[in-house]
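Q: Below is one structure. I have some questions about it.
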Amino acid sequence: MTDWLQPLVLETELALLRPLQVEDAPALVTAASDGRLWELWYTQVPDAHSVASYVADALQEQQLGRALPFAIIERASGQVVGTTRYCHADAANRRLEIGYTWYASRCQRTALNTQCKLALLQHAFETLGCIAVEFRTHWHNQQSRAAIARLGAKQDGVLRSHRLDPDGARRDTVVFSILDSEWPSVRKSLRHRLARHAEG
């Protein structure tokens, strides 16, 4: 079932999510420069020196059938403003994670971000038939943890000393998930939030 994840384009009113390409590397660095996101020690955002390997690793995971990385394009400007991906895909058990997500600072906590999450979740549950969709983040990434909880995801637990950082520090990973039975309620909540954005 390595063909479970097929490259596709997801469209929203404000954004276009299309398959990530090697040629996107310079645009990703430009997007990450808005906020100098690579300086955040608790997350992985590429800079000019690491972006080539970052993209190569994502595309290799795609070739293995375990991931589907996207470049996020802002429709209004036509610019790449971030990236996200389906990852750790488990076709046999119909589970995947939405991860490696980051946006230029100006797009964080905006309707564009919410629309992208809605499109990704909708495809996962309604087309791929996922039983569960996971989100994972660093214990110290309070902003990400709060954003995941606002989606309606429930915290499953904390993987203690889950990974070793390049400097040898141990990372605790917080795991959240949304189940297929919860999706109708989560979808309603996200649509309501977007309607409030449009009104405000």
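Yes/no matrix, rows are residues, columns are (1) under 21 Å from Leu68 (Cα atoms); (2) in contact (Cβ under 8 Å) with a residue 60 or more places away in the chain:
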position: Asp90; (1), (2): yes, no
position: Ser105; (1), (2): no, yes
position: Leu120; (1), (2): yes, yes
position: Thr127; (1), (2): yes, no
position: Ile131; (1), (2): yes, no
position: His140; (1), (2): no, yes
position: Ala146; (1), (2): no, no
position: Ile178; (1), (2): yes, no
position: Pro184; (1), (2): no, no
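Q: Would you mention how many residues in region 72-91 are small (Gly, Ala, Ser) and within 10 Å of the chain's Cα centre (by Cα)?
A: Looking only at that region, the number is 1.
Q: Looking only at region 154-165, decide whether some residue is surrounded by fewer than 18 Cβ atoms within 10 Å (Cβ to Cβ), touching a Phe, Trp or Tyr at 6+ places or on another chain (Cβ under 8 Å) and aliphatic (A, V, I, L, M).
A: yes
Q: Identify the single condition in (1) at pLDDT below 95; (2) aliphatic (A, V, I, L, M); (3) more than 15 Å from the chain's Cα centre (by Cα); (4) under 16 Å from Leu118 (Cα atoms) that Leu179 does not satisfy, given that it satisfies every other one.
A: With respect to (1) at pLDDT below 95; (2) aliphatic (A, V, I, L, M); (3) more than 15 Å from the chain's Cα centre (by Cα); (4) under 16 Å from Leu118 (Cα atoms), Leu179 is out only on (1).
Q: Out of (1) of a type in the set (S, T, N, Q); (2) surrounded by fewer than 16 Cβ atoms within 10 Å (Cβ to Cβ); (3) in contact with an Asp or Glu (Cβ under 9 Å, 6 or more places away or on another chain), the odd one out for Ser177 is which?
A: All conditions are met except number (2).
Q: For region 113-148, give me the residue count where each residue is farther than 18 Å from Thr43 by Cα and of a type outside the set (Val, Ile, Thr).
A: Filtering region 113-148 for residues farther than 18 Å from Thr43 by Cα gives 114-133.
With the extra rule that they be of a type outside the set (Val, Ile, Thr), the set shrinks to 115-126, 128-130, 132.
Residues that pass the stated criteria total 16.
Q: Are any residues in region 170-200 in a helix (DSSP H, G or I) and within 24 Å of Asn93 (Cα to Cα), and if so, which ones? Talk me through it step by step, then tell me what you get.
A: Applying the first criterion (in a helix (DSSP H, G or I)) to region 170-200 yields 183-199.
Correct list: Trp183, Pro184, Ser185, Val186, Arg187.
Q: Name the single residue, out of those in region 97-143 being assigned to a strand (DSSP E or B), among the hydrophobic types (A, V, I, L, M, F, W, C) and under 11 Å from the mean Cα position of the chain (by Cα), that is modelled with the lowest pLDDT.
A: Trp102
Q: In addition: Across region 144-169, which residue is farthest from Trp183 (Cα to Cα) among those that are among the charged types (D, E, K, R) and part of a loop (DSSP other than H, G, I, E, B)?
A: Across region 144-169, the extreme among qualifying residues is Asp167.
Q: Can Arg94 be described as of a type in the set (Lys, Arg), surrounded by fewer than 19 Cβ atoms within 10 Å (Cβ to Cβ) and either at pLDDT below 95 or within 15 Å of the chain's Cα centre (by Cα) (or both)?
A: Numbers: of a type in the set (Lys, Arg): yes; surrounded by fewer than 19 Cβ atoms within 10 Å (Cβ to Cβ): yes; either at pLDDT below 95 or within 15 Å of the chain's Cα centre (by Cα) (or both): no.
No.
Q: Further question on the same structure: Taking only region 51-91 into account, find how many residues are farther than 16 Å from Ala27 by Cβ, surrounded by fewer than 22 Cβ atoms within 10 Å (Cβ to Cβ) and not small (Gly, Ala, Ser).
A: 10
Q: Sort out which residues of region 20-61 are among the acidic types (Asp, Glu), modelled with pLDDT of 95 or more and farther than 29 Å from Arg170 by Cβ, and write them in order of number.
A: Within region 20-61, Glu23, Asp24 qualify.
The values are calculated or read from the model by the stated rules, or taken from the named source; none is laboratory data. Since this is a predicted model, take the numbers as computed values, not measurements. Here the Cβ is made from the backbone with ideal geometry for all residues, glycine too, and neighbour counts use every protein chain on show.
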